[in-house]
1. Can you spot a residue in the range 104-111 that is at pLDDT 95 or above, in contact with a Ser or Thr (Cβ under 8 Å, 6 or more places away or on another chain) and among the aliphatic types (A, V, I, L, M)?
2. Answer yes or no: is there a residue in the range 178-186 that is away from the ligand (no atom under 16 Å from the Cβ) and in a loop (DSSP other than H, G, I, E, B).
3. Which one is surrounded by the fewest Cβ atoms within 10 Å (Cβ to Cβ) among residues in the range 236-277 that are under 14 Å from Ser301 (Cα atoms) and either among the hydroxyl-bearing types (Ser, Thr, Tyr) or in the same structural domain as Gly192 (by TED's automatic domain parsing) (or both)?
4. If I ask for residues that are among the aliphatic types (A, V, I, L, M) and either surrounded by fewer than 20 Cβ atoms within 10 Å (Cβ to Cβ) or within 15 Å of the ligand (Cβ to nearest atom) (or both), which ones from the range 278-314 would you list?
5. Condition check: of a type outside the set (D, E, K, R), touching a helix residue (DSSP H, G or I) at 6+ places or on another chain (Cβ under 7 Å) and part of a helix (DSSP H, G or I). Does Leu228 satisfy that?
6. Could you list all residues from the range 258-317 that are under 17 Å from the mean Cα position of the chain (by Cα), part of a loop (DSSP other than H, G, I, E, B) and over 26 Å from Asn235 (Cβ atoms)?
7. Please name all residue pairs, on different chains or six or more residues apart, with Cβ atoms under 6 Å, provided the first residue is in the range 134-149 and is in the same structural domain as Lys122 (by TED's automatic domain parsing) and the second residue is assigned to a helix (DSSP H, G or I) and among the hydroxyl-bearing types (Ser, Thr, Tyr).
Amino acid sequence: MVSLIKIDIAIDLLPNKCVKIGLNNKSIITTMANTSISYQPTFTIGGDLTVNRLGYGAMRITGKGIWGPPSDKDEAIRVLKRAVELGVNFIDTADSYGPYVSEELIAEALHPYASGLVIATKGGLERTGPDQWPVNGSPDHLKTALEGSLKRLKLDQIDLYQLHRIDPKVPAEKTFEFLQKAQQDGKIKHIGLSEVSVDDIKKAQEFFEVVSVQNMYSVDNRKWEPVLQYTKEQNIAFIPWFPLNAANVASQEKLKEVADKHGATVYQTALSWLLHHSDNILLIPGTSSVKHLEENHKAVSVELTADDMQHLDKIAG
Ligand SMILES: NC(=O)c1ccc[n+]([C@@H]2O[C@H](COP(=O)([O-])OP(=O)(O)OC[C@H]3O[C@@H](n4cnc5c(N)ncnc54)[C@H](OP(=O)(O)O)[C@@H]3O)[C@@H](O)[C@H]2O)c1
């Protein structure tokens, strides 16, 4: 017996240059290798803070070794003001940057804050000198750190408070209970973690909602890919620190090839790869210069194709 199967196929080119294939009324979206791929321009942190995915990291507006005041304070203030003018509404800082310098400059340049500007700070590290960052996750230290950040940033509540590191010397539950209590007391709106494994995140999730994870990650350093995947599944923001691998991405040949093809710089292309790689990535490239800030900001207009992404994916091996 011969049976006949009827298949209806319809093909449409969508405005975002994906191909929509209709098969028996079911649609499959597929991407063309040489057309640009689209991504979400914003991310909503913790269900209520919607920010542009290209933010700014304020660690570099300090002195050498992230210690003391910046060599050019006026330029640091200009960088912060210009970031907001360009549409940045997510700024990352920490009490330990300077220490205190970065938070103080943010308040000096931007307070009273524009509506919708999210300032995310961190606690959990001490500073004993340039480039020295001893970890301290004890509730006593965090209490002082949080009170100090609220005061310096001139805020009643921190929108996103991130634990800079889990302290192996302190039982994790003690640290997590402190953060849980600070949130219940209204001093912190949302809680994030930094430099953590999937197991660390799961443990913290027993105490509070984890809305962000900040781990070292870039096109050429993808050690934390499993954490990125977990955060994506959980709708947690993934905030790569060293998104430019502290300016070392410049030596990547494949990045240069794709950058040249788009008339872009390697820095813009490295940031664009992150924007295209996963919609839960929030970018906080750091810079102490308005020129670099403006250059980096143009990453949002670099339109990478599936071929470009495949080529850049090879950088990580
Ligand atoms: N959670 C953590 O443990 C942790 C650790 C480190 C950093 N962070 C956060 O992550 C943010 C980003 O990390 P990062 O600032 O260390 O590294 P990054 O963003 O990867 O790179 C910043 C470095 O690249 C240079 N740079 C930036 N744009 C450039 C451009 N267009 N051309 C040439 N050079 C350029 C900057 O120098 P110029 O100043 O000369 O532009 C700076 O030295 C920090 O600002 C901080 O907020 C978090």
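1. The answer is yes; a qualifying residue exists.
2. So the first thing to find is which residues in the range 178-186 are away from the ligand (no atom under 16 Å from the Cβ), and the list is 178, 180-186.
Filter once more, keeping what is in a loop (DSSP other than H, G, I, E, B): 185-186.
For the range 178-186, residues away from the ligand (no atom under 16 Å from the Cβ) and in a loop (DSSP other than H, G, I, E, B): present.
3. Here the answer is Thr265.
4. Residues of the range 278-314 among the aliphatic types (A, V, I, L, M): 281-284, 290, 293, 299-300, 302, 304, 306, 309, 312.
Result: Ile281, Leu282, Leu283, Ile284, Val290, Leu293, Ala299, Val300, Val302, Ala306, Met309.
5. no
6. Scanning the range 258-317 gives a single hit, Thr287.
7. Going by the 6 Å Cβ cut-off, the qualifying pairs are Gly137/Thr175.
The values are calculated or read from the model by the stated rules, or taken from the named source; none is laboratory data. Everything quoted here is computed from the prediction, not taken from an experiment. FYI the Cβ positions are ideal-geometry reconstructions off the backbone, even for glycines, and counts take in every protein chain you see.
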